[in-house]
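*Asks:* This is the structure I have questions about; it appears just below.
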Amino acid sequence: MTQAYDTEYLSQAIDEEIVLAKLDRNQRGRKPTTIWRDVPVHQVVAGKTPLGMYGGLHSADLPRYRRNPRDAGELCVKRGLNVKHDHDEHCVSASYGSSRRAVTEYYGMHPDVAAATMAAITRAAIQMLTEKRDEAAALNPTRAPARRRPAARAKPKT
């Protein structure tokens with residue numbers, strides 16, 4: 001039994017698009033109040049509102065990686081993901097590097113094959129960017145406040 005494009009499925013898709021935008025380009029998105037298949041997710045800008053913009057929202061929208069096949073294809077090419085369909089198991093796998101890192105989505109969990117493919121591509125990109133972020137954090141640890149030189153520490157108030 002396949003799942004339909006209901007509000008819960010689309011809400012989860014929009015959440016993953018926002019997470020991917022945060023990891024990919026360090027952008028924040030505002031989740032819309034009404035959800036349908038092609039609803040745009042606007043970029044949120046911190047600070048002053050520039051002229052011609054309302055409430056800190058850019059006029060540009062975030063890509064619809066989980067809802068538009070063209071955006072998912074651009075993400076797949078940009079990140080170098082391998083997509084493999086297994087029609088015997090009724091699933092699609094998106095991987096990067098070795099096949100041990102593959103993200104597998106079953107066709108029955110999504111409304112159609114294209115939705116399963118877009119979900120696998122998006123989740124593999126999120127996994128890849130999260131691993132890159134964690135590796136970069138492990139290679140460049142921040143210094144703890146106690147390790148700083150004594151002159152840089154805050155003075156206790158007396």
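*Asks:* Tell me which residues, restricted to segment 74-96, are out of contact with any strand residue (DSSP E or B) (no Cβ under 9 Å at 6 or more places or on another chain) and either farther than 15 Å from Met118 by Cβ or open to solvent by 30 Å² or more (accessible area, probe 1.4 Å) (or both).
*Replies:* Glu74, Val77, Lys78, Arg79, Gly80, His87, Asp88, listed by residue number.
*Asks:* Which of the residues belonging to segment 111-145 are modelled with pLDDT under 70 and open to solvent by less than 80 Å² (accessible area, probe 1.4 Å)?
*Replies:* Within segment 111-145, Ala144 is the sole residue that qualifies.
*Asks:* Turning to a different aspect of this structure: So how many residues does segment 72-103 have that are within 19 Å of the chain's Cα centre (by Cα) and of a type in the set (Lys, Arg)?
*Replies:* Residues flagged as within 19 Å of the chain's Cα centre (by Cα) and of a type in the set (Lys, Arg) within segment 72-103 amount to 3.
*Asks:* Six or more apart or on different chains, Cβ under 9 Å: which pairs go from a residue in segment 64-82 that's more than 16 Å from Ile126 (Cβ to Cβ) to one that's of a type in the set (S, T, N, Q) and crowded, with 21+ Cβ neighbours inside 10 Å? Could you list them?
*Replies:* If the second residue must be of a type in the set (S, T, N, Q) and crowded, with 21+ Cβ neighbours inside 10 Å, the pairs left are Pro69/Thr117.
*Asks:* Show me the strands (runs of 3 or more DSSP E) found entirely inside segment 78-123 where at least 1 residues are in contact with a His (Cβ under 7 Å, 6 or more places away or on another chain).
*Replies:* Here the list reads 91-95, 103-106.
*Asks:* Here is a further query. Kindly evaluate Arg148 against the criterion of being open to solvent by 30 Å² or more (accessible area, probe 1.4 Å) and either on the phi > 0 side of the Ramachandran plot or modelled with pLDDT under 80 (or both).
*Replies:* yes
*Asks:* Still on this model: Exactly one condition in (1) among the aromatic types (Phe, Trp, Tyr); (2) over 16 Å from the mean Cα position of the chain (by Cα); (3) open to solvent by less than 30 Å² (accessible area, probe 1.4 Å) is not met by Tyr106; state its number.
*Replies:* (3)
The values are calculated or read from the model by the stated rules, or taken from the named source; none is laboratory data. What you see is a predicted model; the values in this text were computed from it and never measured. Virtual Cβ from ideal backbone geometry, glycine too; neighbours counted across all protein chains shown. Accessible surface areas use protein heavy atoms only, side chains included; no ligands, DNA or RNA. Shrake-Rupley method; radii C 1.70, N 1.55, O 1.52, S 1.80 Å.
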